[in-house]
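The values are calculated or read from the model by the stated rules, or taken from the named source; none is laboratory data. Everything quoted here is computed from the prediction, not taken from an experiment. Glycine gets a Cβ as well: all are built from the backbone with ideal geometry, and neighbour counts include every protein chain shown. Heads up: the accessible areas ignore ligands, DNA and RNA and are worked out on the full protein's heavy atoms, side chains in. Shrake-Rupley method; radii C 1.70, N 1.55, O 1.52, S 1.80 Å.
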Amino acid sequence: MEEGNHSVVTEFILTGLTDRPELQVPLFVLFLLIYVFTVVWNGGMMVLITTDSQLHTPMYFFLWTLSFCDLCCSTVVAPKMLQDFLSDKKSISYTACAVQIFFSIFFSDFECFLLAVMAYDRYVAIRNPLLYTVIMSRQRCNLLVAGVCVVGFVDSVIHTCLTFQLSFCLSNVINHFFCDIPPLLVLSCSDTRISDIVLLAAMFYIVGISVVTTFLSYVYIIYTILRIRSAEGRLKAFSTCASHLAAVGLFYGALLFMYFRPTSSYSMDTDKISSVFYTLVIPLLNPLIYSLRNREVKDALRKAMNNLLTQF
């Protein structure tokens, strides 16, 4: 069907991670394992927090939300990616591409702001331990998560609408393993300046606010920890932040590398590797980071395993 001098795009073709046929099956097995472990570990973390009353605190409420976000973020990308490894034609419909972009932006924004909220939560816990549960009430926690959802939703709607108002007439082949805005803009024969400006402004706004909030929270956290007189108290206070600090470093590091590196060093292959890291690898690592370095989670897991074994 024609519209003016340009054909209407009804589907896109994804190039995938690689075009080498001998790597398709090994990569399928690798990423299938990554996705299965991501689902099991994040789902297990959510079940553990839900069923153990000792974990019904603000910190674990946010950790449950992070596990849910990681599970969704991985699910937006992984199933289609796995299908394409075994397909000759790696096609995705126009509508499915828009949906994938919407949810990938939504959950990326969600995790970005959620990590900042979790940094604030750690600051309150260390700065006012006696009033922690009063300040971080369930109502306040729900409001913070709702605010994160609203920001992610608005940003996703803006980017998705701007992107799919463009005309795609140069090609329908997306040089990526999922629908993402930068490789789509390359295909457009419309003026993409507004989309480029909005994309850059949104990245500075979202990543900037999140990083600044997290940085200031940890400045106050470190200042508060240094004022603790006993070495044991300082170590205990810092240990409550170590897992979150590791998760923050991984996620923000991947985003900053992907979107704020010099244009002279930009390549689509590097972009694909960065995308794999923050859409698939980080959701796999987060539950491990929080469980391996957290005594309460390990105790809850041990208790759950003992209860399970006694039933047999």
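Each principal axis of the Cα cloud of the chain was taken in turn, and the coordinate range along them, longest first, works out to 73, 49, 35 Å. Among the trypsin sites (Lys or Arg not before Pro) within segment 45-95, those in coil by DSSP and having at most 10 neighbouring Cβ atoms inside 10 Å are K89.
If one takes the longest principal axis of the Cα atoms in the chain, at what angle in degrees, from 0 to 90 and to the nearest 10, does the Cα axis of helix 231-259 lie? Approximately 0 degrees, to the nearest ten.
With the cut-off at 1.5 for a/c, could you classify segment 1-157 from its C-alpha gyration tensor as rounded, prolate or oblate? Note, shape of segment 1-157 comes out oblate.
Counting only protein heavy atoms and a 1.4 Å probe, the chain has 52 square angstrom of accessible area per residue. Mind jotting down the distance between the C-alpha centroids of segment 195-255 and segment 82-118, whole Å? Result: 25 Å between the Cα centres. Bridging of K272 to lysines at a Cα separation below 18 Å is possible for K80, K90, once same-chain residues fewer than 8 apart are set aside. Here's the picture: charge each Lys and Arg Cβ at +1 and each Asp and Glu Cβ at -1 in segment 79-163, and of S93, L114, P129 the one pushed furthest to the positive end of that dipole is P129. Counting only protein heavy atoms and a probe of 1.4 Å, the accessible surface of segment 159-312 is 67% carbon and sulfur. Measuring nothing but protein heavy atoms, the accessible surface of segment 75-123 at 1.4 Å probe radius is 64 percent carbon and sulfur. Each residue of segment 194-200 was assigned a 3J(HN,Hα) from its phi angle through the Karplus curve 6.51 cos²θ - 1.76 cosθ + 1.60 (θ = phi - 60°); the sequence is 5, 4, 4, 5, 5, 4, 5 Hz, with glycine and proline shown as x. For segment 174-224, what does the alpha-carbon gyration tensor say about shape, rounded, prolate or oblate, given a ≥ b ≥ c as the root eigenvalues, a/c under 1.5 as rounded, and a/b over b/c as prolate? Taking the square roots of the gyration eigenvalues as a ≥ b ≥ c, segment 174-224 is oblate. Taking the longest Cα principal axis of the chain as reference, the axis of helix 24-51 is set at about 40 degrees.
Compared with the dominant Cα axis of the chain, that is its longest principal axis, helix 138-163 is turned about 10°.
Amide H to amide H distances under 5 Å link S188 with no residue, where only residues 5 or more positions off or on other chains count and H is placed in the peptide plane. Between amide H atoms placed 1.01 Å from N, distances below 5 Å from E11 occur with Y94, all of them 5 or more places distant or on a separate chain. For the chain, the share of DSSP beta bridges that are antiparallel, to the nearest 5, is 75%. In straight-distance terms, cross-link reach from K303 covers every one of the aspartates and glutamates whose alpha-carbon lies under 18 Å from its own, apart from those fewer than eight places away in the same chain; here that gives D52. With a ≥ b ≥ c the root eigenvalues of the C-alpha gyration tensor of segment 1-84, is it rounded (a/c under 1.5), prolate (a/b larger than b/c) or oblate? Taking the square roots of the gyration eigenvalues as a ≥ b ≥ c, segment 1-84 is oblate. The packing ranking of peptides 27-34, 222-229, highest mean first, is 27-34, 222-229, where packing means the average number of other beta carbon atoms within 10 angstrom of each residue. For segment 278-312, the list of trypsin sites (Lys or Arg not before Pro) that fall in a loop by DSSP and count at most 10 other C-beta atoms within 10 angstrom is empty. Of the peptides 188-194, 149-155, 41-47, the ranking by mean beta-carbon count within 10 Å, highest at the top, reads 41-47, 149-155, 188-194.
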